[in-house]
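Have a look at the structure below, then the notes.
The values are calculated or read from the model by the stated rules, or taken from the named source; none is laboratory data. Every value quoted in this text rests on a predicted model; they were computed, and no experiment measured them. Here the Cβ positions follow ideal geometry from the backbone for every residue, glycine too, while neighbour counts run over all protein chains shown. Just the protein is used for accessible areas: all its heavy atoms, side chains included, with ligands, DNA and RNA removed. Shrake-Rupley method; radii C 1.70, N 1.55, O 1.52, S 1.80 Å.
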Amino acid sequence: MDFPRNHSTNSPSSSSSTSSSTAHHPPPSTTTDNDPMHSWWESVSKQRSRILSLSSLLPSDGITLSSLADSDRPALSLLSSPSAYSLVSSALSSPFSGSGSDPLCQWLYETFQSSDAHLRLLVLSFLPLLSGIYLSRIHSGSSSFPSLAGFEAVLLAVYSSEAKSRSGKPLLVQIPDLSQPSLYHSPRNKPVHDRSRQSVGVLSPPLEPHLAVKSTKRAIIVGTALDCYYKQVSQMPAWSKLEFCKFAAAWAGQDCPCRKNFDLDDNDHNENRNGNSNGHDRFFREDSGFSNGTRSHDDDDVDNEDDVIKDVVVETDNLGINEKGAEILEKKGVRIPLPWELLRAVVTILGHCLFGPSNSQDVKDAASVAIRCLYARASHDLAPQALLALQSLIRLDKSARAAAKAAATAAANVSSNANTPSKAKKPEILLVSK
């Protein structure tokens, strides 16, 4: 996709005139470059210009975007506006969106090329919606959609930015060595300082430059773009995170039978009690309150498990991922291939959505359902990396919800005890023998 770019002219006449002018006149003062007020006003002017150009592309309700452009922080105002998100979402979800001539994709591409951090953040906030629609259309098998060169140009712009920031280096993680002392433990044996024993894991290999989205490189390009989104995920609005969680659940395939087994069925309970359950079943019974189609009754905390199950069922119903709401979720995406290059970034973002301190309960509930859908998918795909990561998230989610419920119960008991009138104690009578 060829988007217009600005090219500087280097004609001889212009270079000679420039040299002559600089010879007779001193260079202009650069005091304005160091002026914070000037930099702020230049940033606001740039943001207003981009938002006004966006209002001319959307079909209606341009007054809303114009009013946002008049604020002191135009980009952040647009970022937190539900009505503005609805307009952009409708335009991106149009059956004719995503082509090489799509003006909205061109606006996203050019805006991300800006040096303004708030404008780049604004483009990244629409990345879950854009990548979700793009991947769903690619794997839907329908030929009714136009070329998706516009979506691919935006994804490539984000990918190139992330590849440039990594400078050709891989993403590494240090694996802890228990034989070495740390803040939390001291090894039993005397530590041996051997650098060769240090383990290093590769989260992401060095990124190669790409000029087009090929089918063999699509997962790494979208996954890297989502890595760039994750760097700013703490600043993203709730609607952007909700959009991502719903697409993640749809990508896993919401009609998977294993996902329905999370609701548990008492009819097969005797099978597990006879010791025929495998490790997968034991995980759902012991660690997350779920079993593979069965419910465990031989533990002391059956009531607690039942409460967790009911909570997840209620969350599933509220988020529209049950059978009655399948049509609602189907509009958000379809089942797609999930290689580790893409799934790693998805799981990382869902981890923040689950445990981010500033996230709303709706975001946490949506992420809770999404990780269970992905775990069911990973069980069928036999992906050990995904199973380990998602199993850990489910365990942490269960323990966090149990702790929150216990804290709420304790607070309710304290308040009820404080409001309950207590009987006056009788004065104590001490008997003294003479």
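It is to be established whether one or more residues within the range 80-100 are at positive phi and crowded, with 19+ Cβ neighbours inside 10 Å. Lay out the reasoning, then the answer.
Filtering the range 80-100 down to residues at positive phi leaves 98.
Within this subset, residues satisfying the condition of being crowded, with 19+ Cβ neighbours inside 10 Å are 98.
Yes, some residue in the range 80-100 is at positive phi and crowded, with 19+ Cβ neighbours inside 10 Å.
State whether the residues of the range 156-168 include one that is part of a loop (DSSP other than H, G, I, E, B), of a type outside the set (D, E), farther than 15 Å from L226 by Cα and modelled with pLDDT under 90. Walk me through how you get there before you give the answer.
The initial filter retains those residues of the range 156-168 that are part of a loop (DSSP other than H, G, I, E, B), namely 167-168.
Filter once more, so that each one left must be of a type outside the set (D, E): 167-168.
Within this subset, residues satisfying the condition of being farther than 15 Å from L226 by Cα are 167-168.
Add one more test, that the residue is modelled with pLDDT under 90, and what stays is 167-168.
Yes: the range 156-168 contains one or more residues that are part of a loop (DSSP other than H, G, I, E, B), of a type outside the set (D, E), farther than 15 Å from L226 by Cα and modelled with pLDDT under 90.
Might you let me know whether the range 80-89 holds any residue that is over 22 Å from the mean Cα position of the chain (by Cα) and farther than 18 Å from F247 by Cβ?
At the first step, the residues of the range 80-89 found to be over 22 Å from the mean Cα position of the chain (by Cα) are none.
Within the range 80-89, not a single residue is over 22 Å from the mean Cα position of the chain (by Cα) and farther than 18 Å from F247 by Cβ.
Just to be sure before I move on: is S196 surrounded by fewer than 11 Cβ atoms within 10 Å (Cβ to Cβ), out of contact with any Asp or Glu (no Cβ under 6 Å at 6 or more places or on another chain), farther than 30 Å from L127 by Cα and modelled with pLDDT of 80 or more in the structure I sent? Before you say what the answer is, go through the steps one by one.
Values: surrounded by fewer than 11 Cβ atoms within 10 Å (Cβ to Cβ): yes; out of contact with any Asp or Glu (no Cβ under 6 Å at 6 or more places or on another chain): yes; farther than 30 Å from L127 by Cα: yes; modelled with pLDDT of 80 or more: no.
In short, no.
Please verify whether S56 is of a type outside the set (A, V, I, L, M) and either modelled with pLDDT under 80 or open to solvent by less than 80 Å² (accessible area, probe 1.4 Å) (or both), treating the condition exactly as stated. Give the derivation first.
On the way: of a type outside the set (A, V, I, L, M): yes; either modelled with pLDDT under 80 or open to solvent by less than 80 Å² (accessible area, probe 1.4 Å) (or both): no.
Here the answer is no, as S56 does not meet what is asked.
Conditions (1) touching a residue at least 24 places away in the same chain (Cβ under 8 Å); (2) open to solvent by 60 Å² or more (accessible area, probe 1.4 Å); (3) at negative phi, marked per residue:
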| residue | (1), (2), (3) |
| --- | --- |
| F145 | yes, yes, yes |
| A149 | yes, no, yes |
| V154 | yes, no, yes |
| A157 | yes, no, yes |
| E162 | yes, no, yes |
| S167 | no, yes, no |
| P170 | yes, no, yes |
| Q174 | yes, yes, yes |
| P181 | no, yes, yes |
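Where in the range 60-110 are there helices (runs of 4 or more DSSP H), lying wholly inside it, with at least 1 residues that are in contact with a Phe, Trp or Tyr (Cβ under 6 Å, 6 or more places away or on another chain) and under 22 Å from Q235 (Cα atoms)? Let's see the steps before the verdict.
Numbers: elements: 62-69, 74-79, 82-92.
In the range 60-110, 82-92 are the helices (runs of 4 or more DSSP H) which contain 1 or more residues that are in contact with a Phe, Trp or Tyr (Cβ under 6 Å, 6 or more places away or on another chain) and under 22 Å from Q235 (Cα atoms).
Looking at (1) under 24 Å from A252 (Cα atoms); (2) more than 20 Å from the chain's Cα centre (by Cα), which one does A404 not meet, given that it meets all the others?
Condition not satisfied by A404: (1).
Considering each residue of the range 356-381, count those that are touching an Asp or Glu at 6+ places or on another chain (Cβ under 9 Å) and closer than 19 Å to W239 by Cβ, and give that number.
Summing the residues that are touching an Asp or Glu at 6+ places or on another chain (Cβ under 9 Å) and closer than 19 Å to W239 by Cβ in the range 356-381 gives 6.
Give me the pairs, please: first residue somewhere in the range 90-110 and more than 16 Å from R50 (Cβ to Cβ), second residue anywhere and open to solvent by 30 Å² or more (accessible area, probe 1.4 Å) and among the polar types (S, T, N, Q), beta-carbon distance under 7 Å, and either six or more positions apart or on two chains.
S99/S147; G100/S147
Starting from residues that are among the charged types (D, E, K, R) and assigned to a helix (DSSP H, G or I), keep the ones in the range 35-53 and report whichever is modelled with the lowest pLDDT. Steps first, answer last, please.
Quick first cut of the range 35-53, residues among the charged types (D, E, K, R) only: 35, 42, 46, 48, 50.
Those still in the list that are assigned to a helix (DSSP H, G or I) too: 42, 46, 48, 50.
Values: E42: 84, K46: 88, R48: 89, R50: 91.
It comes out as E42.
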